[in-house]
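Everything below concerns the one structure shown next.
The values are calculated or read from the model by the stated rules, or taken from the named source; none is laboratory data. These figures come from a predicted structure and were not determined experimentally. Note that each Cβ is placed from the backbone with ideal geometry, even for glycine, and that neighbours are counted across all protein chains shown.
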Amino acid sequence: MAQSSTYDRTLSGNPQSATGRAYPNGNPDLGYNPPGVRNTDSAVPLHRNKPVIHDYACDGPAPGNLAFRWTYGSNVAARNRDPRVQVVQYNEDSFVLRQNVCVHWEAPFTYLLFGNEGALLIDSGATAQPHHYPLRETVDAIIARWGKARGRSRVSLTIALTSGEDAAQNQGLVQFVGRPDTTIVPKPLDVMKRFYGLGSSWPSGTGRIDLGDRVIAVIPTPGTHKDGVSFYDPYCDVLFTGDLLFPGKINIGNDRDFIASLERLKAFAVSWPVKWILGGHIEMMFVPGKYYPRFATYKPYERVLEMVPALIDEAIQYAREVKGKDMMLIRPDFVLFNGVSPDQRTQVWPADVPNINPPRPF
Amino acid sequence: MDRRTFLTCNAVAAAIPLSGVALTGLADAASAAVRPTPIDFKSNLPATGSFPRKWICGSLSCMDNKDPPVQVHWYDPHTAILRQNKAYSYEAPFAPLYFGNDRVLLLDEGFVQLRNDWDLRGVVDQCIDDWCRRNGRDPASLELLVAFSHLHADHYAAVNQFADRPNTRYMGLTHEEMVGFWGMTNFPEERVTLDLGGRDILIWGSPGHVVSEFAYYDSYTRILYTGDMFYRGRCYISFWQPWFDSMKRLIDFCDTHPVAHVMGCHVEISRDGQDYAYGMTYQPDEAPVEMTVQQLREAFAYAQTITEPGIYFTGTVFLCNQTRGTTTIDKNPYRYS
């Protein structure tokens, strides 16, 4: 038999394997030295006398992945012993933090991004009390470790929210009050607009947060919240959409704004590459169209966090269907709630979505 | 012994033929020697008792909750009321434990199955041990009946924790087994009397929230336990006419019997009438579980005006008339125009 290094699934690893990865043992066709290798600083010298200048320029998305399953609470929330803040390193300069669902049912995601001149924390969690949810302590420790590796004694921190009014994302902010080298984007809508330089161009303009060779774009996206913004990271090619678009029950605050913001995101995604959309929560299950109820503290069948950019189009299409109507509408990866209770239920199941019942947790 | 005898005859009397022949005098003499004076459950009624000023009601962060899995409150020396911790399940139902001279009756459980997650069985055993110590009894002499108000998992989930407990009987999980457990042949109108040994529990059908539901009246404390068809929160009415008829049955009962308290299985409302939404695990200002007959009558009067499905507030409870599959009370706080 001819020997070949070309990927052959029968010989080199079955994609149906437990990891579910398309190439469980790697794909030799992609070569051993892809360009993204230069976007890593793991081999910094032992003795450094000046800060490492990281190369944030890259072709396509910077290497990185979400390689771990999220903690999902426990049947008895009081007996849960998972970390209060789950930290997953996406890559050396990007971290995803998740609040334990047994501390707060919203289990929001918080993102920490680093550039050559500072760090950005996107959102702040649903719990203020540091002994329940030590976000500040965790962020400080990640920044300290990152700073040590990069030879920086001071790393300035900016904290921005996808919505200042969202109690599921703004509660942790108080933990950072008085922190040195820290800028907190003001919560009141008018002040926030001015901070981003959007005082006169909201919601059509785009703001920026420069982390040093990594410029995060600030895109006004009201619709679920009147002060909603999304962030775009041109390094990882990720859109952070908070409550606007996430795999869960999307409670529309204003349907005209919601559609306009999705269209703004769509236009943005035409001119900028988007690998993934990362929202603020997960409420969907891994079976299409099924979701966890509010306040659930045990979510063993949770969907993955990441969404593909094509979902913007789907969201626009179905947001137009619910526009002007008090109704909910189920799609495989999200559910739209317009003008109805967040606990609204429906007897209508979409004809094009397979109806699969996941097992009960007990 | 058929079902009727089981219900009406005193369990100790029934036990004599079993122990009489095979076991010799020693056991009989021993039990006779320690056999205490029966407690009188028929005089000085109703027994005075009290509910806690405030029940344990969850916490801001579930995983930081240090309260016991089950709160045990002794309403009076012969009546315990158990409540599941909200951080163990948002359902957190209440579960009365009634003691008689010969039997103990546990009504309802909580929404967690396994003993390693919450040891309801251990808590019930401890209550029985405590009561026996106070009253000079042998716990092994008491039969435990594990029953529930209705056929929903938050009321029976822990039932198999009792599978290996001696001298214990529990309800099956079908309508037939439930009705049969109380020896009824004419559900829901038929009212049967369960004798716990000098303490009578009156039981009749109370369908409406679900088909398979009972009302339980304890003649000693005069607590009328109305399950999930009437409780301080959202009474999910799945079938209007059967529910209305069951309410009428409760009212008729109150017209002819003294009732000290009306008690449901859950609390989902604050003292000032705010709804605690379905699934919440922290109810810092929750209303008391006990209600008055007057509140029951007011709710029934209100119900007589209801002609359409919908959610109605009687001043005491929410009547969610056939809305379960569609809507709820809560609103999106972030709506704007």
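Of the residues making up region A:324-358, those that are in contact (Cβ under 8 Å) with a residue 40 or more places away in the chain, of a type outside the set (A, V, I, L, M) and more than 10 Å from every other protein chain (Cβ to nearest Cβ) are A:Gly324, A:Arg331, A:Pro332, A:Asp333, A:Phe334, A:Trp349, A:Pro350, A:Pro354, A:Asn355, A:Asn357, A:Pro358. Among the residues making up region B:121-133, those that are surrounded by 12 or more Cβ atoms within 10 Å (Cβ to Cβ) and either outside any helix (DSSP H, G or I) or of a type in the set (D, E, K, R) (or both) are B:Arg121, B:Asp125, B:Asp129, B:Asp130. In the condition set (1) over 14 Å from the mean Cα position of the chain (by Cα); (2) at negative phi; (3) in contact (Cβ under 8 Å) with a residue 12 or more places away in the chain, B:Asp218 is compliant with all but (1). What number of residues within region B:175-195 satisfy the criterion of being touching a residue at least 60 places away in the same chain (Cβ under 8 Å) and of a type in the set (Phe, Trp, Tyr)? The total comes to 1. Quick check: is even one residue across region B:236-254 among the acidic types (Asp, Glu) and either within 14 Å of chain A (Cβ to nearest Cβ) or out of contact with any strand residue (DSSP E or B) (no Cβ under 7 Å at 6 or more places or on another chain) (or both)? The answer is yes; a qualifying residue exists.
Confirm whether B:Tyr276 is within 9 Å of another protein chain (Cβ to nearest Cβ) and either crowded, with 16+ Cβ neighbours inside 10 Å or within 25 Å of B:Leu107 (Cβ to Cβ) (or both). No; evaluated as a whole, the condition is false for this residue. For region A:60-127, the strands (runs of 3 or more DSSP E) that sit wholly inside it and include 1 or more residues that are more than 14 Å from the chain's Cα centre (by Cα) and within 14 Å of chain B (Cβ to nearest Cβ) are A:85-91.
Annotation note: Cβ proximity below 9 Å between a residue of region A:156-177 that is assigned to a helix (DSSP H, G or I) and a residue that is modelled with pLDDT under 95 (sequence gap 6+ or interchain) occurs for no pair.
From the list A:Ala319, A:Ala296, exactly one residue is outside any strand (DSSP E or B), in contact (Cβ under 8 Å) with a residue 60 or more places away in the chain, of a type in the set (Gly, Ala, Ser) and within 14 Å of chain B (Cβ to nearest Cβ). Which is it?
Exactly one of A:Ala319, A:Ala296 is outside any strand (DSSP E or B), in contact (Cβ under 8 Å) with a residue 60 or more places away in the chain, of a type in the set (Gly, Ala, Ser) and within 14 Å of chain B (Cβ to nearest Cβ), namely A:Ala296.
In this structure, A:Met307 qualifies as within 29 Å of A:Val88 (Cβ to Cβ) and among the aliphatic types (A, V, I, L, M).
Only one residue in A:Leu239, A:Leu244 is touching a residue at least 40 places away in the same chain (Cβ under 8 Å) and within 14 Å of chain B (Cβ to nearest Cβ), so which one is that?
A:Leu244
For region B:87-126, the tally of residues that are over 14 Å from the mean Cα position of the chain (by Cα) and either away from every other protein chain (no Cβ under 14 Å) or among the small types (Gly, Ala, Ser) (or both) stands at 11. Residues that are touching a Pro at 6+ places or on another chain (Cβ under 7 Å) and at pLDDT 95 or above within region A:125-163 comprise A:Gly125, A:Ala126, A:Arg136, A:Glu137, listed in sequence order.
When each of A:Gly253, A:Gly248, A:Gly280, A:Gly242 is tested for being touching a His at 6+ places or on another chain (Cβ under 7 Å) and under 20 Å from A:Val96 (Cβ atoms), the lone residue that passes is A:Gly248.
Does at least one position in region B:55-78 carry a residue that is over 16 Å from the mean Cα position of the chain (by Cα), within 14 Å of chain A (Cβ to nearest Cβ), surrounded by fewer than 21 Cβ atoms within 10 Å (Cβ to Cβ) and not in a loop (DSSP other than H, G, I, E, B)? Yes, that holds for at least one residue. The residues of region B:281-304 that are surrounded by fewer than 19 Cβ atoms within 10 Å (Cβ to Cβ) and within 14 Å of another protein chain (Cβ to nearest Cβ) amount to a single one, B:Tyr282. Residues of region B:312-337 that are β-branched (Val, Ile, Thr) and either crowded, with 17+ Cβ neighbours inside 10 Å or away from chain A (no Cβ under 14 Å) (or both): B:Thr314, B:Thr316, B:Val317, B:Thr323, B:Thr327, B:Thr328, B:Ile329. Summed over region A:208-261, the residues that are crowded, with 24+ Cβ neighbours inside 10 Å, part of a helix (DSSP H, G or I) and either of a type outside the set (Phe, Trp, Tyr) or out of contact with any strand residue (DSSP E or B) (no Cβ under 8 Å at 6 or more places or on another chain) (or both) give a count of 1. Test A:Gly207 against the stated conditions and say whether it is away from chain B (no Cβ under 14 Å) and on the phi > 0 side of the Ramachandran plot. Taking the combined requirement at face value, the residue does not satisfy it.
Take A:Ile219 and tell me if it is more than 14 Å from every other protein chain (Cβ to nearest Cβ), in contact (Cβ under 8 Å) with a residue 12 or more places away in the chain and within 23 Å of A:Leu157 (Cβ to Cβ). It is true that A:Ile219 is more than 14 Å from every other protein chain (Cβ to nearest Cβ), in contact (Cβ under 8 Å) with a residue 12 or more places away in the chain and within 23 Å of A:Leu157 (Cβ to Cβ). Residues in region A:127-136 that are surrounded by fewer than 24 Cβ atoms within 10 Å (Cβ to Cβ) and in contact (Cβ under 8 Å) with a residue 24 or more places away in the chain: A:Ala128, A:Pro130, A:His132, A:Pro134, A:Arg136.
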